[in-house]
Structures are given as structure tokens and as C-alpha cells.
Amino acid sequence: MQIDAQLSAPTDRIGLMPLLWPQLPSFANDTELRVWEALRDQLGDNDLLISNVRLNDCERDYEVDHAIVFHDAGVVVVETKGGPIWKEGPQWMQGRAGNEHKIDPVEQALRARHALETYIGNTDSWGSRGRIRYSHAVCFPDQVFDQRFDTPDCHRWMVIDHDDMSSVADKLRNVVLMQDTVRRSPDGTDTAAIVEALDGRMLPQRDSIGEAVVNDEVADRLSQEQSVILDAARLLTRIHVRGGAGSGKTWLAMEQARRLTHRGQRVALISYSRGLSAWMQRRVATFEPKDRPAYVGTFHGLGEEWGATLVGDDDSNFWEKELPELMVKLATALPEGKRFDAIVIDEAQDFADTWWPAVFAALKHDDGGLYVFSDEGQQVFSRFAGGPSDLVPLILDQNLRNTRQISETFSTMAPIRMKASTTDGPAVRLESCRYGQALERADDVVDELLEKGWKPSDIAVLATGPRHPEQTNRQADGQSAYWDSFWDQEQVFYGHVLGFKGLERSVIVLAVNEQPGRDRAKERLYVGLSRARNLLVVCGDPQHLQDVGGPSMLKKMGVDG
């Protein structure tokens with residue numbers, strides 16, 4: 001699958017974007033796209049980012065994944081490889097178990113460097129400008145390298161690894177300065193000449209469709225099935241997309257809202273969860289202005305926007321009945337321009353039957369668009385009874401988010417038979433303890449993970465019963481401040497499964513700390529097990545886990561029932 005880049009950059013970088021050639025490159029895999037996005041966001045406005053260039057001479061073809069012309073420094077050509085990368089003696093290797101193959105990324109980078117330098121230097125655009133600094137490097141964004149790594153042809157400072165990505169531009173600028181200190185640095189006229197040379201003699205872009213690399217962020221990429229569903233949704237105005245955990249429903253809901261808005265419709269994108277709504281608001285802020293829905297937030301937040309006064313969280317009757325009834329009246333009184341052509345609802349299994357009249361009242365027309373996304377397996381509240389009956393059902397049955405080991409753990413608990421992920425990862429780990437000790441054991445696991453090199457922002461601790469004291473302390477500062485900690489790079493996030501639906505972390509430490517025998521324990525456990533992308537550690541009583549999830553689930557954790 002060919003992956004197209006997007007031009008948008010962070011709002012604090014507007015006006016600071018580097019020169020791009022081509023302006024919107026297409027990539028054969030997601031790894032190259034991620035590196036391009038990181039460079040786009042970090043380079044200066046006088047730098048030039050060249051991507052996905054194919055060159056040839058009389059002997060062979062060459063491909064330049066990325067080349068950066070650093071203003072007043074030099075040119076560095078970067079060979080990018082995704083997935084597991086390692087060395088067996090002098091031989092570089094790539095791939096997963098059963099699909100390993102030999103590679104030579106350093107030689108590829110060196111040859112691409114010489115090919116690009118030769119091509120540019122022989123064009124009329126370059127003329128007699130003389131030689132400038134050229135260098136080469138390799139980038140492995142999914143791998144972590146020891147700082148002491150060194151080989152005769154590839155020093156550590158020539159390697160960009162996972163931990164270097166936050167400062168990849170500075171690292172590559174240093175490569176230029178380390179490799180070539182004799183020739184001159186390029187200036188603005190040299191950069192213009194390079195662009196002119198590429199425009200005049202660039203070979204056609206590769207147009208073959210390749211399979212996208214499966215990795216950590218596969219949940220953010222469309223599968224073929226999801227593309228079909230979005231195409232179908234273009235013709236249908238009332239749909240109910242059902243899918244198990246990890247099937248990409250939230251991504252799909254956001255993309256549907258973006259597409260509808262792009263077509264000129266006034267759209268609301270809503271959910272029940274404050275955390276999910278806050279995440280969607282941040283994600284939507286990265287869209288082009290013309291693609292941003294008119295409202296992104298919680299269902300109850302709509303009532304506040306229409307003029308309702310909200311009360312404390314303890315008054316369940318207000319939130320469940322009084323406010324929804326008031327919202328119907330408020331929506332009916334709205335001018336047509338304040339209502340919506342379409343409403344997209346994520347995690348709709350959280351909605352009560354008494355809320356739907358307010359949803360329909362918010363539509364401009366009786367036949368307005370309604371796009372509902374749900375997973376009945378995550379029905380942790382008792383109020384949902386199925387939603388409107390006139391929705392066309394569409395099914396997502398492929399797990400995209402979790403590793404195979406994680407997805408197989410909760411597959412028997414899903415309401416829809418799901419195809420397990422094909423991405424491999426570490427085995428799910430069980431820390432056996434009584435339910436009253438689960439939070440304490442979870443804290444020990446977090447300390448261990450941090451000592452092993454995991455970053456705080458990689459980890460979330462989720463409880464199924466009483467909240468972790470750290471979550472309680474953070475919520476004392478208000479919900480807004482609490483959810484800000486979700487994006488804090490220096491903090492482990494502490495939450496509850498009830499508020500984490502639709503969200504995810506690379507590592508989840510799940511504390512199964514509820515008393516046995518509580519209602520909807522299976523639904524809460526299902527949510528908790530399905531939030532991790534790469535590593536899942538469960539702290540709890542094996543007997544309770546078996547009673548709730550069944551012996552097959554426990555067996556996937558390495559414990560025979």
C-alpha cells in the first residue's frame with residue numbers, strides 16, 4: 001500500500017517548515033513516512049528535505065530514502081529500515097522470526113550518497129559551483145542501539161535509532177559535520193540549484209503498490225476492509241460500525257468525521273468519555289482547518305455548550321436523565337445553523353437509551369447523518385440497550401492495534417469473532433497476587449520497567465476496582481489537569497478501565513483489584529486486556545481471572561487452569 005504524506009505541521013511550527021522535494025512524497029512503508037514527518041517537524045525553514053528519489057546510471061538503480069540539505073552545513077543521505085534490525089558478525093539482518101533476511105543499509109546509504117552527488121554535480125543546474133559537503137547515515141526508528149556501538153564503516157554517531165528520533169534533525173546535522181570537514185557548506189543558491197536539478201532530471205516515482213510495514217502504529221493506518229467501510233459510508237447516512245477491541249473504530253470514526261466535514265457538512269464528533277474526547281480534540285487539532293468538525297467533545301459537553309449548567313459527578317440522575325431531557329429542549333430551540341448535518345459517535349455502547357432523543361434533536365434534518373461506532377464487549381455501564389434500530393450494521397473483524405500475543409489473550413471475550421493480529425511481541429505476563437495487593441504489585445512492575453529502559457510516557461497503570469492513589473491525587477486538581485498528564489512525557493499515566501476505552505499505551509500494567517463477584521467484571525477485564533499495543537502485564541488472582549475470562553485466557557498468560 002502506498003502511503004501519502006500530509007503537509008500539515010505542528011501549530012507552533014507554522015512558518016518554520018523546511019523546503020520539501022517533492023512537496024507531498026509517497027512512501028512504500030510507514031517507517032519512511034514517520035522519519036519524513038519527524039524531519040519535516042524539526043528542520044529549519046532554510047533546510048531542504050528530499051525524499052523517495054530514484055536514480056540510475058549505466059550500472060544500477062539507486063534509491064534515496066531521505067536526503068537533507070542543511071543550510072550552512074552540508075548534505076546527508078539517509079537509508080531507513082523499519083522493524084527488528086541486528087548484526088550477526090559482519091552481516092546486517094532484518095525481519096521477524098521466520099522471515100529474517102540479509103541487508104546492507106550502510107552500503108546502500110553510501111552508494112545512494114555517491115549517486116546523488118554525481119547526478120547533481122553533472123547537471124547544467126549545478127554547473128561549475130564546486131563541491132560541497134556530502135555524508136551518509138542510517139536510520140532504524142524501531143530499534144535501540146547501545147551508545148557504545150561501533151563498526152569500521154558505521155560509527156554510533158552515524159546511526160539514528162528509536163531514542164534519537166526526538167532530535168533526529170540535530171543528530172543528522174552532526175553527521176555532516178563529523179564526516180566531511182574539508183569541503184564547503186551549501187548556501188541558499190546551492191539549495192536552489194539542487195531543487196532545479198531534481199525538477200529537471202528526476203526519474204518517475206515508483207508507482208507499484210507495496211504492503212505497508214506492520215508495526216506499533218498500524219492502528220493508525222487503514223486496512224483494506226476499513227477502506228471499503230469508509231467508501232460504503234459515503235453512500236449511507238445511517239450506519240452502526242461494530243468491532244472488537246483493537247479493530248480501529250476510533251480512528252475510523254475520526255476519519256469519517258473529517259471526510260464529512262471536508263465535504264462541507266457541519267459535523268459533531270462525540271463520545272461519553274472525557275479522556276477519549278480530550279484525545280480526539282488533540283488529534284483533530286492536527287487536521288487542516290477545513291477538515292475540523294464543528295464540535296468535538298463529550299455528549300454532555302454539548303448540553304453545556306447549548307446553555308445547560310452542569311453539576312457534580314455524584315448526581316447520576318442529573319447526568320443520566322435530567323440533562324439529556326433538557327438537551328432535547330435546548331437543541332430544538334437552536335437555529336438551524338447551530339445544529340448538525342451529521343453526528344459521529346464513538347464508543348456508543350456507553351450511551352443510554354434516554355440520550356438518543358437529544359442526538360436526533362441536534363440534527364438539522366430528520367434524515368441527517370448518524371454514524372455510530374461501538375463494541376458491546378466494552379459495555380461496562382448497564383444503560384446501553386442497542387441504540388437506534390434504523391442503522392445499517394457494518395462489521396470490523398481484524399485486530400490492528402495489539403500484538404498477536406495480546407490479542408489472543410482477550411479474543412474469546414470479544415462479542416465478535418476477531419482475526420488476531422499478525423504482529424509479534426513479548427508474551428503476556430501474569431503477576432500472581434490477591435486482589436488487594438494488585439496495585440502494590442503494579443507499582444513494583446512499573447519500577448522494574450523503568451529500570452529496563454521503558455519511558456514513563458510508554459506506560460499506563462489501569463485499575464479494574466478502586467482507583468490508584470496517584471490517579472486520585474491528580475484528579476483532585478480537576479479533570480482537565482488530570483487528562484493533561486496523559487500527554488506528559490515525564491509521567492506514567494494512572495487510570496481506570498472505565499475511562500480508558502478508545503485509548504491505548506505501548507505498555508499496560510493492569511491491576512485486577514476489584515472484589516470477586518462484581519457485575520460486569522468480564523467487560524472491565526476485556527477493556528483492560530485490550531489497551532496495550534506491545535506489552536501487557538496483569539497483576540491479579542489467577543483463580544479470579546479464570547472465573548471471569550475463562551481457562552483459555554489464563555492459558556495464554558502461561559498458566560494452566
*Check whether at least one residue in segment 533-554 is of a type outside the set (Asp, Glu), in contact with a His (Cβ under 9 Å, 6 or more places away or on another chain) and either free of Cβ contacts under 8 Å to residues at least 40 places away in the same chain or part of a helix (DSSP H, G or I) (or both), and report yes or no.*
no
_Residue check for Gly499: touching a Ser or Thr at 6+ places or on another chain (Cβ under 7 Å) and modelled with pLDDT under 90_ = yes
*Has segment 411-427 got any residue that is assigned by TED's automatic domain parsing to the domain that holds Gly244, modelled with pLDDT under 85 and among the charged types (D, E, K, R)?*
no
*Starting from residues that are crowded, with 18+ Cβ neighbours inside 10 Å, outside any helix (DSSP H, G or I) and of a type in the set (A, V, I, L, M, F, W, C), keep the ones in segment 225-261 and report whichever is modelled with the lowest pLDDT.*
Ala245
*Does segment 480-510 hold any residues that are closer than 25 Å to Asp375 by Cα and more than 16 Å from the chain's Cα centre (by Cα), and which are they?*
Trp483, Phe493, Tyr494, Gly495, His496, Val497, Leu498, Gly499, Val509, Leu510
*asked:* For segment 82-128: of the residues being part of a helix (DSSP H, G or I) and polar (S, T, N, Q), which is surrounded by the fewest Cβ atoms within 10 Å (Cβ to Cβ)?
replied: Thr118
*Please verify whether segment 64-78 includes one or more residues that are surrounded by fewer than 20 Cβ atoms within 10 Å (Cβ to Cβ), among the acidic types (Asp, Glu) and free of Cβ contacts under 8 Å to residues at least 12 places away in the same chain.*
no
*Counting only residues that are out of contact with any helix residue (DSSP H, G or I) (no Cβ under 7 Å at 6 or more places or on another chain), at pLDDT 90 or above and not aromatic (Phe, Trp, Tyr), which one in segment 346-365 is farthest from Trp279 (Cα to Cα)?*
His365
*Determine whether segment 498-509 contains at least one residue that is among the charged types (D, E, K, R), outside the structural domain of Ser374 (by TED's automatic domain parsing), assigned to a helix (DSSP H, G or I) and surrounded by fewer than 23 Cβ atoms within 10 Å (Cβ to Cβ).*
no
*Six or more apart or on different chains, Cβ under 8 Å: which pairs go from a residue in segment 82-101 that's in the same structural domain as Arg34 (by TED's automatic domain parsing) to one that's of a type in the set (Val, Ile, Thr) and modelled with pLDDT under 90? Could you list them?*
Gly82/Val213; Gly83/Val213
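The values are calculated or read from the model by the stated rules, or taken from the named source; none is laboratory data. Treat the numbers as computed from the prediction; the structure is a model and nothing was measured. With ideal geometry, Cβ positions are generated from the backbone for all residues, glycine too; neighbour counts draw on all protein chains shown.
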